[in-house]
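Asker: Before we start, here is the structure in question, set down as structure tokens.
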Amino acid sequence: MRRFCVILVMLLTVPALLQEAGAQSRSFKLGQWTEIHNSILKQLNRSYVDSLPLDRIMRSGIDEMLGSLDPYTIYVPEEENEDFQMLLSKTYGGIGAIIYKKKGENVVINEPYYGSPAQKAGLVCGDEIIEIDGYPTKELEAAQSSDRMKGRPGTTVVFKVKKVRTGDTLDVPIVRERIHLPDVEYVGMLDDTTGYLVLTGFTEGASKEVKEGFLKLKDMGMKRFVLDLRGNGGGLMNEAIEIVSLFVPKGSLVVSAKGLDPASCREYHTSSEPVDTLMPLIVMVDSGSASSSEIVAGAIQDRDRGTVMGTRTFGKGLVQSIRPVAYNGQLKVTTAKYYTPSGRCVQAIDYSHRNEDGSVGHIPDSLTKEFRTLHGRVVKDGGGITPDVKIDSPTYSRLVYSLVLSGVIDNFVIDYVRHHDSIPPVGEFSLSDADFEEFIEFAGTQDFDCRSSAETLFDQMKEELEKDGLSDSLKEELDALEKGIELDKAEFIRLKKDEIVPFIEEELAVRYYYQEAGVQVRLKYDSQLHEALTKPVVEI
């Protein structure tokens, strides 16, 4: 008995001692690091040949330190707090418009939001802002122009505007408002029975928007609901929990968090009554669906409440909390990992091995574990949520990416609006062959990389051959190959017409009929969604 008691005491004491030793070790290391850090700065301040750029040293040092932990732990100094809050809440004081600005030219209204102060004041795409409160915009950078447009709601900003339609120049006073970019981008019926909702974020109030949209669709006769989370990078965890609560019984486990601090370890259950637990549910995801999107998709999948379709999600299973730091700064720090109801950790195994778009790379089966859904289906961890039904996302040529990212399509659309007062309603509008030829002609005047993927690889191969000293001996063969794959810019754009036209139509629809119209155009060409609607769903 005595031996048993001794062993029991040891079993109870050793973990506590180890924990205490670990804490002491961490404290010692922290003290050591602080002392070394301060010592180096003192020596630099005393001995360095030039004056120290302390602001730059401090910021780069902090960023490098945090960057060695994970991609999501960041420092936000006081002067960046407003922009940071805008990212978190999608809310700011301003006029509600996207602007376009070339160096040395006036600001151009690119896209006013529907119902915004800009729209109510009559600003349209193509209007030029010559002055902001008397200050010439030609002398400003795009960010400086944007900053001057923003301000406290209720204050007035005066623009000198050159109108795109008439060419008249007039002063336009606009009272700034609180601009909130809604998380629900679109709500509508895809057919007589299928309701569709696009959710782009999880800021405060997102769950309320989803609930209102769902009930609206139900009143319109919806019998099947599609929740589109593609490209949704996440946001507030509590909003994700509230969205899940709309579709599962009260008290259901949605997600659990586990971290070093016991206070960060807890389970999150639904606390309100659902609006519908029976309607067939499809959740669309892709490699851009992250964080709170993965909480929603994982919970719906693990509880067998709906069918997740698309491609594997991003793989961000980390919980961040905002902590105040000295001089009114903030630290967004990773405090825990989260786990789906079946016990899966969504976080990618390795931060560094990801695809080009940042999503999870290939995970060997040997590194994954199996878990069970509520009804016993097998699901796996390893990073991200693997859909129940895999449907590949559409792929685009290098040319299309170049046209979009270099602003060629955007510039063409602004130019198009200058010369066309209107376009037909969205359901009737399509880009004509003549319009597309106008685009080809316009693109010919723009500076962008129009090489095909084959030409890019060829250029890389030539560089390597030159390094190896083989280019001269293969000159004849290389010249013949280059001639064979080289395409005229206009010829290449015509070849990719089917890929390019949807992008132009969507942007034009947004300029004339606002954001919702752009989604309607996108739906017309959404082959991934069209395929999803033909697939069977999980039986509840």
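The values are calculated or read from the model by the stated rules, or taken from the named source; none is laboratory data. Here the structure is a predicted model, which is why all the values come from computation and not from measurement. Backbone-built Cβ (ideal geometry, glycine too); neighbour counts: all protein chains shown. Note: areas computed on protein heavy atoms with side chains; ligands, DNA, RNA excluded. Shrake-Rupley method; radii C 1.70, N 1.55, O 1.52, S 1.80 Å.
Asker: Hey, does region 443-453 have a residue that's out of contact with any Gly (no Cβ under 6 Å at 6 or more places or on another chain), surrounded by 16 or more Cβ atoms within 10 Å (Cβ to Cβ) and modelled with pLDDT of 90 or more?
Answerer: So far as region 443-453 goes, yes, one or more of its residues are out of contact with any Gly (no Cβ under 6 Å at 6 or more places or on another chain), surrounded by 16 or more Cβ atoms within 10 Å (Cβ to Cβ) and modelled with pLDDT of 90 or more.
Asker: Just checking: which of the helices (runs of 4 or more DSSP H) contained wholly in region 436-540 hold 2 or more residues that are within 31 Å of the chain's Cα centre (by Cα)?
Answerer: Details: elements: 453-467, 475-485, 489-495, 497-513, 515-524, 527-532.
The helices (runs of 4 or more DSSP H) meeting that bar are 453-467, 489-495, 497-513, 515-524, 527-532.
Asker: For region 85-136, how many residues meet the condition of being among the acidic types (Asp, Glu) and open to solvent by 30 Å² or more (accessible area, probe 1.4 Å)? Walk me through it before giving the result.
Answerer: First, the residues of region 85-136 that are among the acidic types (Asp, Glu): 105, 111, 127-128, 131, 133.
Okay, now just the ones that are also open to solvent by 30 Å² or more (accessible area, probe 1.4 Å), so 105, 128, 131, 133.
Total satisfying the criteria: 4.
Asker: Residues in region 182-236 that are of a type in the set (D, E, K, R), closer than 23 Å to Gly298 by Cα and either touching a Pro at 6+ places or on another chain (Cβ under 8 Å) or not in a loop (DSSP other than H, G, I, E, B) (or both): how many? Before you say what the answer is, go through the steps one by one.
Answerer: Filtering region 182-236 for residues of a type in the set (D, E, K, R) gives 183, 185, 191-192, 204, 208-209, 211-212, 216, 218-219, 223-224, 228, 230.
After this cut, where a residue has to be closer than 23 Å to Gly298 by Cα as well, the list is 183, 185, 204, 208-209, 211-212, 223-224, 228, 230.
Those still in the list that are either touching a Pro at 6+ places or on another chain (Cβ under 8 Å) or not in a loop (DSSP other than H, G, I, E, B) (or both) too: 185, 208-209, 211-212, 223-224, 228.
Going through region 182-236 one residue at a time, the tally reaches 8.
Asker: Could I ask something else about it? Got a sec? Which of Val413, Val400, Val417, Val426 is over 13 Å from Val501 (Cα atoms), open to solvent by less than 20 Å² (accessible area, probe 1.4 Å) and not aromatic (Phe, Trp, Tyr)? Walk me through how you get there before you give the answer.
Answerer: Numbers: Val413 fails: over 13 Å from Val501 (Cα atoms); Val400 fails: over 13 Å from Val501 (Cα atoms); Val426 fails: open to solvent by less than 20 Å² (accessible area, probe 1.4 Å).
Answer to the selection: Val417.
Asker: Okay, moving on. When region 114-150 is examined, which residues are found to be on the phi < 0 side of the Ramachandran plot and part of a loop (DSSP other than H, G, I, E, B)?
Answerer: Just the residues of region 114-150 that are on the phi < 0 side of the Ramachandran plot, to begin with: 114, 116-121, 123-125, 127-132, 135-150.
If the condition is that a residue be on the phi < 0 side of the Ramachandran plot and part of a loop (DSSP other than H, G, I, E, B), then Tyr114, Ser116, Ala121, Leu123, Val124, Cys125, Asp127, Leu140, Glu141, Lys150 are the ones that fit.
Asker: Follow-up. When you scan region 48-70, do you find a residue that is part of a helix (DSSP H, G or I) and closer than 23 Å to Gln515 by Cα, even just one? Break it down stepwise before answering.
Answerer: Filtering region 48-70 for residues part of a helix (DSSP H, G or I) gives 54-67.
With closer than 23 Å to Gln515 by Cα added as a condition, the list becomes none.
Taking every residue of region 48-70 in turn, none turns out to be part of a helix (DSSP H, G or I) and closer than 23 Å to Gln515 by Cα.
Asker: Please work out if Ser207 is of a type in the set (Ser, Thr, Tyr), open to solvent by less than 50 Å² (accessible area, probe 1.4 Å) and out of contact with any strand residue (DSSP E or B) (no Cβ under 8 Å at 6 or more places or on another chain).
Answerer: On the way: of a type in the set (Ser, Thr, Tyr): yes; open to solvent by less than 50 Å² (accessible area, probe 1.4 Å): yes; out of contact with any strand residue (DSSP E or B) (no Cβ under 8 Å at 6 or more places or on another chain): yes.
Taking the combined requirement at face value, the residue satisfies it.
Asker: Could you grab the pairs with beta carbons closer than 6 Å, sequence gap of 6+ or different chains, first residue in region 123-138 and closer than 17 Å to Tyr512 by Cα, second one assigned to a helix (DSSP H, G or I) and of a type in the set (Val, Ile, Thr)?
Answerer: Cys125/Val417; Gly126/Ile414; Gly126/Val417
Asker: Somewhere in region 229-247, is a residue closer than 21 Å to Lys535 by Cα and open to solvent by 10 Å² or more (accessible area, probe 1.4 Å)? Talk me through it step by step, then tell me what you get.
Answerer: We begin by selecting, within region 229-247, every residue closer than 21 Å to Lys535 by Cα; these are 229-230, 247.
The next check asks that each one be open to solvent by 10 Å² or more (accessible area, probe 1.4 Å); those that pass are 230.
Within region 229-247, one or more residues are closer than 21 Å to Lys535 by Cα and open to solvent by 10 Å² or more (accessible area, probe 1.4 Å).
Asker: Among the listed residues Lys475, Lys489, Lys497, Lys462, identify the single one that is touching a Cys at 6+ places or on another chain (Cβ under 8 Å) and of a type outside the set (Asp, Glu). First the steps, then the outcome.
Answerer: Numbers: Lys475 fails: touching a Cys at 6+ places or on another chain (Cβ under 8 Å); Lys497 fails: touching a Cys at 6+ places or on another chain (Cβ under 8 Å); Lys462 fails: touching a Cys at 6+ places or on another chain (Cβ under 8 Å).
Checking each option against the conditions leaves just Lys489.
The rows are residues; the columns are (1) open to solvent by less than 40 Å² (accessible area, probe 1.4 Å); (2) closer than 28 Å to Ile391 by Cα.
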{"site": "Gln460", "(1), (2)": "no, no"}
{"site": "Gly469", "(1), (2)": "no, no"}
{"site": "Ala509", "(1), (2)": "yes, yes"}
{"site": "Pro536", "(1), (2)": "no, yes"}
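Asker: When only residues in region 493-507 that are of a type in the set (D, E, K, R) and touching a residue at least 24 places away in the same chain (Cβ under 8 Å) count, which is most open to solvent (accessible area, probe 1.4 Å)? Before you say what the answer is, go through the steps one by one.
Answerer: Of region 493-507, the ones of a type in the set (D, E, K, R) are 494, 496-499, 505-507.
Subsequent filtering for residues that are touching a residue at least 24 places away in the same chain (Cβ under 8 Å) retains 494, 496-497, 499, 505, 507.
Working: Arg494: 117, Lys496: 51, Lys497: 61, Glu499: 46, Glu505: 4, Glu507: 51 Å².
Of everything passing the filter in region 493-507, Arg494 is most open to solvent (accessible area, probe 1.4 Å).
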